[in-house]
1. Please list 3J(HN,Hα) in residue order for region 439-448, calculated via the Karplus relation 6.51 cos²θ - 1.76 cosθ + 1.60 where θ = phi - 60°; whole Hz, with x for glycine and proline.
2. Could you sort out which of 406/466; 138/406; 206/427; 272/305; 261/511 sit more than 24 Å apart by Cα distance in this structure?
3. Relative contact order of the chain: what whole-number percent is it, with Cα pairs under 8 angstrom and at least 6 residues apart?
4. Starting from the Kirkwood radius over alpha-carbon pairs of region 144-215, derive D by Stokes-Einstein at 4 °C in a medium of 1.567 mPa s and give it in µm² s⁻¹.
5. Whole number in Å², please: accessible area per residue of the chain, 1.4 Å probe, ligands, DNA and RNA not counted.
6. Between 0 and 90 degrees, rounded to the nearest ten: what's the tilt of helix 452-464 against the longest Cα principal axis of the chain?
7. On a C-alpha basis, how far is the centre of region 410-430 from the centre of region 159-200 in Å? Whole number, if you could?
8. To the nearest 10 degrees, how steeply does helix 413-425 sit against the main Cα axis of the chain, on a 0 to 90 scale?
Amino acid sequence: MREEEIERLRGVVRDCVSKHLYSSAIFFADKVAAITSDPADIYMQAQALYLGRHYRRAFHLLNASQIVLRDLRFRYLAAKCLEELKEWDQCLLMLGDAKVDEHGNITDTRECNSMYLDKDGEDREINILSAICFLRGKAYEALENRAQARLWYKAAIKADPLCYEALECLIENHMLTCDEEKTLLSCLQFGPEDGWLSSFYSCLIKKYDKENVVEAKFRELEQSGPNTKLSDKSVLCTLKSNTDLLACKAEYYHQCGEYQKCFELTSELLEKDPFHLKCTLVHLAAAMELGHSNELYLMACNLVKDYPQKALSWFAVGCYYYCIKKYDQARRYFSKVTSLDGTFASAWIGYGNAYAAQEEGDQAMSAYRTAARLFPGYHLPTLYIGMEYMRTHSFKLAEQFFMQAKSICPSDPLVYNELGVVAYHMKEYKKAVRWFEKTLSHIPSSLSEMWESTVINLAHALRKLKRYNEAITYYERALALSTRSLSTYAGLAYTYHLQNNYTAAITYYHKALWFKPDDQFCTEMLTLALVDESRHGIDPIVKSRSGGLFM
């Protein structure tokens, strides 16, 4: 057969692959390989077999080839076949020996010297070494050696920043702490034309920075800067409405506690792309926080219909039952999610929370501990363990776990709030004030109703330290966030009472009792305030208040 005819058949194979006619591709690739015995044609035949899901046959073809141990592409494709066959140990053996240090740097570079065939004329290939590192990471993760998986994923993204899947595994499986994520991104060597990718990756990692910092990152991607080259502007402008970028922004709103804003954005995104799974997860989380049980029910029904085999579908069902406080059913479905996908972090947290909601502490702790073991870069399991210990008044143990959560994610204000609460319970009021002030300083956006309890707690701690004027200031800030809190009015009334400002105290005791007429503390203290006012009169109190009496 003439060379032109063989080349035409090669073109037919490539065209069949592009049109997903894999049986045709296998048929013609087999004939080309039989005629030429060229390694490139054998590789093309193996690729067609792999795409046609004939993994065992493709592996046999590659393994029988004399070149398999000298060509990285042959070895990689053979290992991919073993991955699909779930033969993980054999997959690692096929990839060969290699070592990686704790920073994700490959210390054994013998593979780099292996022969490598033509690049098939592609415009830009992802480094084959990066793909091999990523596959090693997947194999180690399947073998539940997550420490090694983490190192190889880091090696993959370092070998080639375009290997997005490696970064996705590190982020989605919570393998790195906040600081480790930032350090890894700072080490990546992006090409001069990949500046936008560096910015995009920085939006994917945990987002606990101040609002202006995070918003600046999003703006940088949504619009071209003044120094942007014309060739880049077309790319950057299109990212303004990119679903992945907007899903990252929704995730940021959720972390900030702006649940309504998050819900509105995800609703808009899901209208445009109803099968965007990452956006769907954030949407479910926002609906949970807002108590939108009808939305959760509809989402769960649609997901189970469209994706009955996906863990996310049953997670939505669990969220619905949790939202309507049917915790037994919620547990059942969260458990099903973890059996379908053991790396679904939110399902483990939901599973523990469903037990905690019914005060079944041992089972809740078991779920949280499993999550903490599986996701070393995820601080919420450790935080929830601390909360469970605090519920049982084991304050020292609770503090230890809160400090551990702080070491994993030192930017989350919720961690500092819990440290303040446990310090308050241990009567360490100065420490409590310090932690509550740190909480407020770490809140990324402006104060919202979500943080009202922190402001009240800070006011309570200041009152305990007899810093009454400062306490009153924070109680008033809490009232600016929400005017329907019994604790705020009672605390404000009691602080005025301690300052001998009986008139103000009586006013706020009445306001507190308007919310809960049978509140024992406010009822008794109102009686005492009325007695004190009648005993001391009104004028001295006004004078003492204007004089700034500090007790």
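The values are calculated or read from the model by the stated rules, or taken from the named source; none is laboratory data. Predicted, not measured: the structure shown is a model, and the values here were computed from it. We work out accessible area using only protein heavy atoms, side chains counted, and drop any ligands, DNA or RNA first. Shrake-Rupley method; radii C 1.70, N 1.55, O 1.52, S 1.80 Å.
1. Per residue, the Karplus-derived 3J(HN,Hα) values read 4, 5, 6, 8, 5, x, 10, 5, 4, 10 Hz.
2. Working: 406/466 29 Å; 138/406 29 Å; 206/427 33 Å; 272/305 19 Å; 261/511 32 Å.
Exceeds cut-off: 406/466; 138/406; 206/427; 261/511.
3. Values: 723 pairs, mean separation 33.1, N = 551.
So the answer I get is 6 percent.
4. Numbers: Rh = 12.7 Å.
Answer from the Stokes-Einstein relation: 102 µm²/s.
5. Values: 27150 Å² over 551 residues.
Heavy-atom SASA per residue in the chain reads 49 Å².
6. 50 degrees
7. Region 410-430 and region 159-200 have Cα centres spaced 33 Å from each other.
8. So the inclination is approximately 40 degrees.
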